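As structure tokens, the structure follows; a few thoughts come after it.
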Amino acid sequence: MTEKDNALELGDVKCHFAQGKVRAVDGVSLSVPRGEILSILGPSGCGKTTLMRMIAGLETPTQGYIRIHGRDVAGLTPQQRNVGLVFQSLAVFPHMTVEKNVAFGLRMRNVASETIRAKVRDVLELVQLPPANFAARWPNELSGGQLQRVALARTLVTQPALVLFDEPMAALDRRLRDYMAVELRAIQKKMGIAAVYVTHDQQTASTMSDRIAVMSGGKVLQVGPPPDIYNAPANRFVAEFVGDANILTVGKVLSVDGDISEVEVEAGCRLRVKACEHLTKGGKIIFRPGQTQVDVADPGGGMQAKLVSVSFNSGFYHWQMELPDGTSLSAGSTRDYLASASTGQSVWVSVDPEHTRVVEA
Ligand SMILES: Nc1ncnc2c1ncn2[C@@H]1O[C@H](COP(=O)(O)OP(=O)(O)OP(=O)(O)O)[C@@H](O)[C@H]1O
């Protein structure tokens, strides 16, 4: 892929505050190909908003370059960058109808009124707010999800080179947020505009994105498609941030047989894991609850644990176990493998070595 195919490129971008004492963004390099939606996922304070503000032209980088469709945007104003912003705080204008809200950006650009009317109608159809029902409504006559669509339509109507979303759905409830994530992705794909979506919510990031960049302490720790980030986390932070993870510490490597190695974990049991360069004392063995098996009898090579709790939610059984040293493990399945067990009883926990991953201590 050539640089021209990228809608956005960041090269070693830094933003330091307070004479360098606060390194809000500390050397981020990323590219977003045309038509892609990339999520920046990270906890509060990791530098997501500062990164977005630099792309939008609202904050000046301390170092590094930002290119939008191949053009270095240093020194350009937010308007000159032709970047669309959808921020949670950027509410729609309460004193304007839906149609006027959406038309606003085009009117500021002195577009002919006939063209404005046609474009506003098209974009309202696209965000599923049929103009016949919604064009004349006032913001206080809309639901949270509908308001979100108006904000999106208002940004898309100007056909920006890139759209930046900063937690626009944080105020919506879980169900609506999940629904809007699917919708937003469909609209973005239809328009073909590249987008960067900032969130601390891994579920929204997974649903929405082609790729996720996980950030912590001003740095990008891993970039990849959602399944890669989930199944092959680069380190413990990523593993725990993008879902539930069972984590055991390597005590001693007992044997290596090709790709598979048997280890004794610090919690005192033995486990077969996929061999890799981090397989040394202190390395962290990570496996997902959905890939963890539980049995009432030892299937061979299982770890004996105490069943602590059982719950059922959305079609999944969820079991919480404890190893003799108190380390917690969890497992989940649509089938009730422990139907005959009661809490407090011994069960066996095992995992296919193929589903384990060992990362640095
Ligand atoms: N203007 C500023 N002056 C000094 N420090 C700042 C400034 N803006 C941000 N910071 C600090 O930089 C760090 C990153 O802030 P940022 O707002 O980018 O994080 P975030 O990941 O977007 O967090 P949240 O999800 O809570 O919005 C924080 O420690 C913040 O306090």
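The values are calculated or read from the model by the stated rules, or taken from the named source; none is laboratory data. The shown structure was predicted, so the numbers you read here are calculated from the model rather than taken from an experiment. Here Cβ is always computed from backbone atoms with ideal geometry, including for glycine, and neighbour counts include all displayed protein chains. In case anyone asks, the SASA skips ligands and DNA or RNA and just uses the protein heavy atoms, side chains included. Shrake-Rupley method; radii C 1.70, N 1.55, O 1.52, S 1.80 Å.
Have a look at the DSSP beta bridges in the chain and tell me what percent are antiparallel, nearest 5.
75 percent
Keeping all protein chains in place, calculate the accessible area per residue for segment 208-321 (probe 1.4 angstrom), answer in Å².
Using a 1.4 Å probe on heavy atoms only, each residue of segment 208-321 averages 47 Å².
Can you give me the angle between helix 113-126 and the longest principal axis of the chain, using Cα atoms only, in degrees from 0 to 90, rounded to the nearest 10?
Compared with the principal axis, the helix lies near 20 degrees.
Could you pull out the pairs from Lys48/Lys284; Lys274/Lys306; Lys119/Lys189 whose alpha carbons sit more than 22 Å apart here?
Lys48/Lys284; Lys274/Lys306
For helix 174-191, what angle does its Cα long axis make with the longest principal axis of the chain, in degrees from 0 to 90 and rounded to 10?
60 degrees
Determine ³J(HN,Hα), in whole Hz, for all residues of segment 287-293 in sequence, where each value follows from phi through the Karplus function 6.51 cos²θ - 1.76 cosθ + 1.60 and θ = phi - 60°; x replaces Gly and Pro.
The phi angles translate into 8, 7, x, x, 10, 9, 9 Hz.
According to a simple spin-label model (label point 7 Å from Cα along Cα-to-Cβ), what is the distance in nm between Asn231 and Val253?
2.5 nm
Hey, any idea what the orientation-averaged projected area of the convex hull of segment 115-262's Cα atoms comes to, in nm²? Walk me through the intermediate numbers first.
Working: hull surface 49.0 nm².
Directional mean of the projected Cα hull area for segment 115-262 stands at 12.2 nm².
Write down Rg/Rh for segment 1-137, rounded to two decimals, with Rg from the C-alpha atoms and Rh from the Kirkwood relation over Cα pairs.
1.04
List the residues, sorted by chain then number, that are 5 or more residues from Phe87 or on another chain and whose placed amide H is less than 5 Å from its amide H.
For Phe87, the qualifying residues are Asp166.
Across segment 244-359, what fraction of all alpha-carbon pairs, as a whole percent, falls in each successive 5 Å bin from zero upward?
Per 5 Å bin, starting at zero, the Cα-Cα P(r) for segment 244-359 comes out as 2, 13, 24, 25, 18, 11, 6, 2, 0 percent.
For Cα pairs less than 8 Å apart in space and 6+ apart in sequence, what is the mean separation divided by the residue count of segment 244-359, i.e. the relative contact order in percent?
31 percent
With n ≥ 4 as the cut-off for DSSP H runs, can you work out [θ] at 222 nm for the chain, using -39500 (n - 2.57) per run divided by the number of residues, rounded to the nearest 500?
-7500 deg cm²/dmol
What's the local net charge at Val123, with K and R +1, D and E -1, over the other residues with C-beta under 13 Å away? If you can, show how the numbers build up before the last one.
Details: positive: Arg117, Lys119, Arg121, Arg149, Arg154, Lys190; negative: Glu99, Asp122, Glu125.
Once all neighbours under 13 Å are counted, the net charge is +3.
When the Kirkwood radius is taken over all Cα pairs of segment 143-218, what Stokes-Einstein diffusion coefficient follows at 25 °C and 0.890 mPa s, in µm²/s? Numbers along the way, then the final one.
Values: Rh = 12.9 Å.
It comes out at roughly 190 µm²/s.
From the backbone phi of segment 97-110, what are the Karplus-calculated ³J(HN,Hα) couplings (6.51 cos²θ - 1.76 cosθ + 1.60, θ = phi - 60°) in whole Hz, Gly and Pro given as x?
Each residue's phi maps through the Karplus curve to give 5, 4, 4, 5, 4, 5, 6, 3, x, 6, 5, 5, 8, 6 Hz.
Over the chain, what lengths in whole Å, largest first, do the semi-axes of the equivalent ellipsoid take, defined as the square roots of 5 times the eigenvalues of the alpha-carbon gyration tensor?
They are 46, 26, 16 Å, listed largest first.
Under the rule of at least 5 residues apart or a separate chain, name every residue whose amide H is placed under 5 Å from the amide H of Tyr197.
For Tyr197, whose amide H was placed from the backbone, the distant partners under 5 Å are Leu38, Ser39, Ile40, Phe165.
Sum up the charges of everything whose Cβ sits under 12 Å from the Cβ of Lys274, counting Lys and Arg as +1 and Asp and Glu as -1, but leave Lys274 out.
Local charge sum for Lys274: -4.
Carbon and sulfur atoms: what percent of the 1.4 Å accessible area of the chain do they account for? Don't skip to the answer; put the middle values down first.
On the way: 8390 of 17240 Å².
Roughly 49 percent, rounded to a whole number.
For segment 49-92, what is the accessible area per residue in Å² when the probe is 1.4 Å?
Details: 2260 Å² over 44 residues.
On a per-residue basis, 51 Å².
Expressed as a rounded percentage, what relative contact order does segment 6-236 have, with Cα pairs under 8 Å and six or more residues apart?
Relative CO of segment 6-236 lands at 29 percent.
Which cross-chain or sequence-distant (5 or more) residues have an amide H under 5 Å from the amide H of Asp26, H modelled 1.01 Å from N in plane?
Cys15, Lys219
Measure off 7 Å from each Cα along the Cα-to-Cβ vector at Gln293 and Ser342, then give the distance between these two points in nanometres to one decimal.
Output for this residue pair reads 2.7 nm.
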